[in-house]
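Structure record follows, encoded as structure tokens.
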Amino acid sequence: MPDFGSVSVIIPAHNEAQTIAATVRAALDARPKEVLVVSDGSLDETAEVARQAGAAVLDLNPNRGKAGAVMAGVAATSGDVVLLLDADLIGITAQHLRSLAAPVLSGAARATTGLFVSAQAHTTLASWLTRKWSGQRALERGLLAGLDAGSERYALELMIEDELRRAGIRPQIVVLRGVGHRTKEDKLGLWAGAWARLEMFRQLAAYRMRRK
């Protein structure tokens, strides 16, 4: 397995105190160059829990949205390879992270995308159907240099996909077995979670319309 010491792990998080510690511990166990949690205007104990788990924390206020949070994290880190993780993962381990970064570290690929295969059938199906929206990625730092988050909030993954397509790069798929995540409905309740999901879809659709 290639050396993980040139990897910067960036975990954008908004009100993820319940799950952030486990994600941070998995990242630290992989022995990267650094693990940075970007607490994006969190109103709970996300930042403190992440610090106690051993991560460096960039505390943003006000909230910038995922795209702005990740790009702030990119600016604050220095590893040759950037590994992005969602903060609400369940079942993530150091081995998953090493597998996600390995093709980039070895030069076999310039970017990877991690997709779930979990005990939750709906999570697995959603991960594969919406693979271009996956928040689990490893890529060469230089591929993020041209991204301008601007006012985008939820469209980071589509921005990355567009950048890769312009560069003629198809990300290598890495299967993350046993990994899932908490849904918006789990975190916010049925109706609030459904509303948040609809808002996310609206912003993704708006991004696509602006790029036509």
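The values are calculated or read from the model by the stated rules, or taken from the named source; none is laboratory data. All of these numbers come straight from a predicted model, not from anything done at the bench. Note: ideal-geometry Cβ built from the backbone for every residue, glycine included; neighbour counts use all protein chains shown.
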In region 69-83, is there at least one residue being surrounded by fewer than 24 Cβ atoms within 10 Å (Cβ to Cβ) and at positive phi? no
Kindly list the number of the only condition in (1) crowded, with 20+ Cβ neighbours inside 10 Å; (2) within 18 Å of residue 181 (Cβ to Cβ); (3) at pLDDT 95 or above that fails for residue 7. (2)
Being among the β-branched types (Val, Ile, Thr) and closer than 17 Å to residue 139 by Cβ is true for just one of 117, 81. Which residue is that? 81
Looking at region 1-112, what strands (runs of 3 or more DSSP E) fall wholly within it and have at least 2 residues that are of a type in the set (Val, Ile, Thr)? 7-13, 34-40, 81-84
Only one of 90, 10, 20 is of a type in the set (Val, Ile, Thr) and touching a Lys or Arg at 6+ places or on another chain (Cβ under 9 Å). Can you tell me which? 90
Name, by its number, the condition in (1) under 19 Å from residue 171 (Cα atoms); (2) under 17 Å from the mean Cα position of the chain (by Cα); (3) free of Cβ contacts under 8 Å to residues at least 40 places away in the same chain that does not hold for residue 35. (1)
